[in-house]
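Below is one structure, written out as structure tokens; the observations come after it.
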């Protein structure tokens with residue numbers, strides 16, 4: 001099994017790079033944005049769990065729609081890696097940027 005994975009990663013190094021990049025982005029996302037999202041929403045909504053449910057549902061729907069957009073190539077990027085990094089950057093800017101803006105408003 002390990003030899004097959006090593007062979008595949010040598011044959012397609014772009015996939016290995018995307019896996020590493022996704023892992024790093026997921027780590028930082030969980031350390032910052034996702035760890036304080038639920039407590040912040042609950043504190044700003046007066047402990048309304050329905051609002052938390054709504055936000056988490058919309059985040060899930062957005063993830064699915066984003067995956068469908070990337071899969072169907074509605075956006076004509078010549079390189080899939082460029083599209084991945086572009087959308088990841090937009091996601092972090094919107095997620096972390098809006099989170100910072102909300103904290104500054106409070």
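The values are calculated or read from the model by the stated rules, or taken from the named source; none is laboratory data. Every value quoted in this text rests on a predicted model; they were computed, and no experiment measured them. No Cβ is skipped: glycine too gets one built from the backbone with ideal geometry, and neighbour counts run over all protein chains shown.
Okay, residues lined up against (1) touching a helix residue (DSSP H, G or I) at 6+ places or on another chain (Cβ under 9 Å); (2) surrounded by 11 or more Cβ atoms within 10 Å (Cβ to Cβ); (3) modelled with pLDDT under 75:
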{"position": "27", "(1), (2), (3)": "no, no, no"}
{"position": "36", "(1), (2), (3)": "yes, yes, no"}
{"position": "45", "(1), (2), (3)": "yes, yes, no"}
{"position": "57", "(1), (2), (3)": "no, no, no"}
{"position": "60", "(1), (2), (3)": "no, no, no"}
{"position": "70", "(1), (2), (3)": "yes, yes, yes"}
{"position": "77", "(1), (2), (3)": "yes, yes, yes"}
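Quick check on my filter: what residues within region 87-100 are modelled with pLDDT of 75 or more and surrounded by 13 or more Cβ atoms within 10 Å (Cβ to Cβ)?
First, pick out the residues of region 87-100 that are modelled with pLDDT of 75 or more: 87-94.
Answer for region 87-100, where residues must be modelled with pLDDT of 75 or more and surrounded by 13 or more Cβ atoms within 10 Å (Cβ to Cβ): 87, 88, 91, 92.
Being at pLDDT below 80 and farther than 22 Å from residue 17 by Cβ: is that true of residue 103 here?
Working: at pLDDT below 80: yes; farther than 22 Å from residue 17 by Cβ: yes.
Here the answer is yes, as residue 103 does meet what is asked.
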